[in-house]
Amino acid sequence: MNFLDGHLYPENQQPLIITAAPYAPGWIPSDFPEDIPVSMEEQIQKAVDCYEAGATVLHLHVREDDGKGSKRLSKFNELIAGVRERVPEMIIQVGGSISFAPEGPDGEAKWLSDDTRHMLAELTPRPDQVTVTVNTTQMNVTEHAGEDDFRGVSRGFPHLHKTYKDMIVPSNPSFVEEHIRRLSAAGIQSEFQVYNINSFETIERMIRRGIYKGPLVMNWVAISGGMDQANIFNLANMLRAVPDGAVVTVESSVLNVLPVNMIGIALGLHVRCGIEDVLWNQQRTGKMSSVEQIKQLVRIAGEFGRPIATAQQARDIMQIGVFYETAEETLQKNGFAPNRNGANQGFLRKPM
């Protein structure tokens, strides 16, 4: 991205899109019973509450009636339908893991099979986005956290701590390419989860080869443990390669969430918050609900002078429902340099 003179001025930035992640499949309801919704009505109401607080994108997972993360697509359909009815303007972004919540006698946390994840393209009602992870990697969500981040909650339990420490994101090329094909055919936007410069470069190559033909919408996932550490050097290194037409949301975990979001707000990027990412306030003196986190970001954005995106503005910025015909059009619309003649790889990142 080209950060020119005045890029820090709010009048030169897009309205801020806030993504809410309130369903928290990695926690159990007793970790934060005041804020983890369990019944279907509670889960629908949580979406309404987040929308009214200022979030226009809902990162969606689903729980069963017993509080466990659901693997059943029928439950996803039910929640999506309920959210569509109550807040039809809200962008629904289904988490591509479906749910890696602990289950079974040993509390193992694991991602589901490729065939099951592909079925997200068949959800009814159709979501606006499904998150797409790129390149298999370690997802050790405990690595940059401290003992205080997990004290008194389930991730501090020895058997659960171990399973989250050893968790892997399976995302090999044949899965990703087929998943993108199915989502695009269904009219669902691929919302790419970018861990570092390497996964971004894989996405660029897929665009150059015509595998993905749509707006480039991404989350930079800075949670360490196989993904980027939350620091300005890693973010800047990736952003230097990202074309100006891309939409980038910053995402982190534990107490890194708020400062990373403040960096994102200042730079003109977009932000994500919610108890899926962090339970505590910055002093760890108490837990902070998803709605409280959204309201905090709305207030901070106001201090920066940056307006919050309406639902329609968020849809326009992310170009929900837009797809392109060719690799060449996709490169041009997103601000990439064209492929060189006779090849599907570029020699310059930026257009001439």
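With the structure loaded, tell me whether Thr131 is outside any loop (DSSP other than H, G, I, E, B), out of contact with any Cys (no Cβ under 9 Å at 6 or more places or on another chain) and β-branched (Val, Ile, Thr) or whether it fails that test. Give the derivation first.
Numbers: outside any loop (DSSP other than H, G, I, E, B): yes; out of contact with any Cys (no Cβ under 9 Å at 6 or more places or on another chain): yes; β-branched (Val, Ile, Thr): yes.
Yes, satisfied.
Pick from region 188-238 the residues that are in contact (Cβ under 8 Å) with a residue 24 or more places away in the chain and of a type in the set (Phe, Trp, Tyr): which of them is nearest to Ile92 (Cα to Cα)? Even if it seems obvious, please write down each step before you answer.
Pass one, region 188-238, residues in contact (Cβ under 8 Å) with a residue 24 or more places away in the chain: 188-230, 232, 234-235, 237-238.
With the extra rule that they be of a type in the set (Phe, Trp, Tyr), the set shrinks to 192, 195, 200, 212, 220.
On the way: Phe192: 15, Tyr195: 22, Phe200: 23, Tyr212: 20, Trp220: 19 Å.
Only one residue fits best here, namely Phe192.
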_For region 37-55, check the following and say yes or no: at least one residue is modelled with pLDDT under 95 and either open to solvent by less than 20 Å² (accessible area, probe 1.4 Å) or under 30 Å from Ala236 (Cα atoms) (or both)._
no
*asked:* Take the conditions β-branched (Val, Ile, Thr), under 24 Å from Gly268 (Cα atoms) and more than 18 Å from the chain's Cα centre (by Cα) and apply them to Val291. Does it pass?
replied: no
Residues that are under 18 Å from Tyr212 (Cβ atoms), touching a strand residue (DSSP E or B) at 6+ places or on another chain (Cβ under 7 Å) and either in contact (Cβ under 8 Å) with a residue 40 or more places away in the chain or assigned to a helix (DSSP H, G or I) (or both): does region 264-282 have at least one? no
Within region 1-13, residues touching a Leu at 6+ places or on another chain (Cβ under 9 Å) and part of a loop (DSSP other than H, G, I, E, B) come out as Met1, Phe3, His7, Leu8, Gln13
Across (1) at pLDDT below 95; (2) open to solvent by less than 20 Å² (accessible area, probe 1.4 Å), Phe200 clears everything bar (1)
Residues in region 128-177 that are of a type in the set (Gly, Ala, Ser) and under 19 Å from the mean Cα position of the chain (by Cα) total 1
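Among the residues of region 283-311, which ones are assigned to a helix (DSSP H, G or I), among the polar types (S, T, N, Q) and touching an Asp or Glu at 6+ places or on another chain (Cβ under 7 Å)?
Step one: of region 283-311, the residues assigned to a helix (DSSP H, G or I) are 290-304, 311.
After this cut, where a residue has to be among the polar types (S, T, N, Q) as well, the list is 290, 293, 296.
Answer for region 283-311, where residues must be assigned to a helix (DSSP H, G or I), among the polar types (S, T, N, Q) and touching an Asp or Glu at 6+ places or on another chain (Cβ under 7 Å): just Ser290.
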Inside region 225-245, the number of residues satisfying the requirement of being open to solvent by less than 10 Å² (accessible area, probe 1.4 Å) and either in contact with a Gly (Cβ under 7 Å, 6 or more places away or on another chain) or β-branched (Val, Ile, Thr) (or both) is 2
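Go through region 134-148 and report how many residues are open to solvent by less than 10 Å² (accessible area, probe 1.4 Å) and either of a type in the set (D, E, K, R) or outside any loop (DSSP other than H, G, I, E, B) (or both). Don't jump to the end; show me each part of the working.
Of region 134-148, the ones open to solvent by less than 10 Å² (accessible area, probe 1.4 Å) are 134.
Okay, now just the ones that are also either of a type in the set (D, E, K, R) or outside any loop (DSSP other than H, G, I, E, B) (or both), so none.
Count: 0.
So which of Pro37, Pro10, Pro22 is of a type outside the set (S, T, N, Q) and under 22 Å from Ser252 (Cβ atoms)? Show your work before the answer.
Values: Pro37 fails: under 22 Å from Ser252 (Cβ atoms); Pro10 fails: under 22 Å from Ser252 (Cβ atoms).
Unique residue meeting the criteria: Pro22.
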By residue number, the members of region 249-263 that are open to solvent by 10 Å² or more (accessible area, probe 1.4 Å), assigned to a helix (DSSP H, G or I) and not β-branched (Val, Ile, Thr) are Leu255, Asn256, Leu258, Pro259, Met262
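Answer with yes or no whether Ser184 is open to solvent by 30 Å² or more (accessible area, probe 1.4 Å) and closer than 26 Å to Leu269 by Cα.
Numbers: open to solvent by 30 Å² or more (accessible area, probe 1.4 Å): yes; closer than 26 Å to Leu269 by Cα: yes.
The answer is yes for Ser184.
Say we look at region 99-127 and pick out the residues that are in a loop (DSSP other than H, G, I, E, B) and under 17 Å from the mean Cα position of the chain (by Cα); which of these is modelled with the highest pLDDT?
As a first pass, look at region 99-127 and keep what is in a loop (DSSP other than H, G, I, E, B): 99-102, 104-107, 109-113, 123-127.
Keeping just the survivors that are under 17 Å from the mean Cα position of the chain (by Cα) gives 99-101, 111, 127.
Numbers: Ser99: 52, Phe100: 49, Ala101: 47, Trp111: 56, Pro127: 98.
So, considering only residues that are in a loop (DSSP other than H, G, I, E, B) and under 17 Å from the mean Cα position of the chain (by Cα), the one modelled with the highest pLDDT is Pro127.
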For Lys71, state whether it is open to solvent by 10 Å² or more (accessible area, probe 1.4 Å), in contact (Cβ under 8 Å) with a residue 40 or more places away in the chain and outside any loop (DSSP other than H, G, I, E, B).
no
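The values are calculated or read from the model by the stated rules, or taken from the named source; none is laboratory data. For clarity, every value in this text was computed on a predicted model and none was experimentally measured. Glycine gets a Cβ as well: all are built from the backbone with ideal geometry, and neighbour counts include every protein chain shown. Accessible surface is based on the protein model in full, side chains and every heavy atom, while ligands, DNA and RNA are left aside. Shrake-Rupley method; radii C 1.70, N 1.55, O 1.52, S 1.80 Å.
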